[in-house]
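J.: Please find one structure pasted underneath; my questions will follow.
FYI, it's all coordinate maths here, none of it is from the lab. All values reported here derive from a predicted model rather than from experimental measurement. Here the Cβ positions follow ideal geometry from the backbone for every residue, glycine too, while neighbour counts run over all protein chains shown.
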Amino acid sequence: MLKIACVLFWKDGYQGTTMRKIAKAYGCKPSNIYNFFPTKEALLYNMLLDQMKKLISMIQPLAQDATSSPITLLRSFIEAHLTHTLNYKKSYKLLFDVGLDSLSPSKKREIVSLRNEYDRVLQTILDRGIASGEFGKIDIKLSSFQIASMIARTILWFSPKGRLTIHGIADFITDFALHGLKAGCAMDMKNQKSNPAPLIP
């Protein structure tokens, strides 16, 4: 039911999709859907929540890993997020571009709190890299946003029939990111506003 609703949200837009349309595509009466999801917003919320929780469960252990090097942790982080991202249908993933704006404030806060946990884990890895001297002087927040964006946007062009595997793409993104992280690129962000990177788990 969630998968069908997701495809309709993507094709017709959240506002253009009714519970009646979802019920027709699913092959049931609207009342059957209401037994599980009281509102259309509840459908969207459960889609986003499910994806975020799965992603967080994959990366959270990395923040507690005190034995692996920051480079190893970064590679594991990128591969975990990339694997999670590319194992979902494109329509499911692209909901993150607009989905949050359609949620009520309380539900939006819950999803954003999970996104903040994602940022915390990645920024912890980058901070350890700076402390160990493996990474240069970088703006941790901006660097984490850029890495997250590189991973998230692979959904727009990746094909399982292409020449690169998920593992190969993870290696490329890691090596590409490390060139900048090792060189360092200091930037004063105190007086600049920045929005969270688009996280499409």
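J.: Order the peptides 113-122, 133-142 from the highest to the lowest mean number of other Cβ atoms within 10 Å of their residues. The partial results should precede the final answer.
T.: Values: 113-122: 17.9, 133-142: 16.3.
Ranked from most to least packed, the peptides come out as 113-122, 133-142.
J.: Would you list which aspartates and glutamates come within 18 Å of residue 107, measuring only between C-alpha atoms, while excluding same-chain residues fewer than 8 positions from it?
T.: Hits, sequence-local ones excluded: 41, 50, 97, 117.
J.: Under 5 Å between amide hydrogens, which residues at least 5 positions from residue 138 or on another chain qualify, with H placed 1.01 Å from N in the peptide plane?
T.: Long-range HN contacts for residue 138: 185.
J.: For the chain, with the dipole built from +1 on Lys and Arg beta-carbon atoms and -1 on Asp and Glu ones, taken about the Cα centre, which of 34, 84, 55 lies farthest toward the positive end?
T.: 34
J.: Do any of 3/53; 54/141; 11/108; 21/161; 53/137 go past 28 Å between their Cα atoms, and which?
T.: On the way: 3/53 17 Å; 54/141 23 Å; 11/108 22 Å; 21/161 33 Å; 53/137 32 Å.
Result: 21/161; 53/137 exceed 28 Å.
J.: Here's a follow-up. For the chain, what is the charge dipole size about the Cα centre, in debye to the nearest 20, if Lys and Arg each add +1 at the Cβ and Asp and Glu each add -1 at the Cβ? Write out the running numbers ahead of the final one.
T.: Working: 27 positive and 16 negative charges, 180 e Å.
So the magnitude is around 860 debye.
J.: With the cut-off at 1.5 for a/c, could you classify region 41-183 from its C-alpha gyration tensor as rounded, prolate or oblate? Present the calculation step by step, with values, prior to reporting the outcome.
T.: Values: a/c = 2.08, a/b = 1.38, b/c = 1.50.
In terms of gyration-tensor shape, oblate.
J.: Enter the Cα centre distance for the pair region 1-66 and region 98-161, rounded to the nearest angstrom.
T.: Distance between centres, Cα-based: 22 Å.
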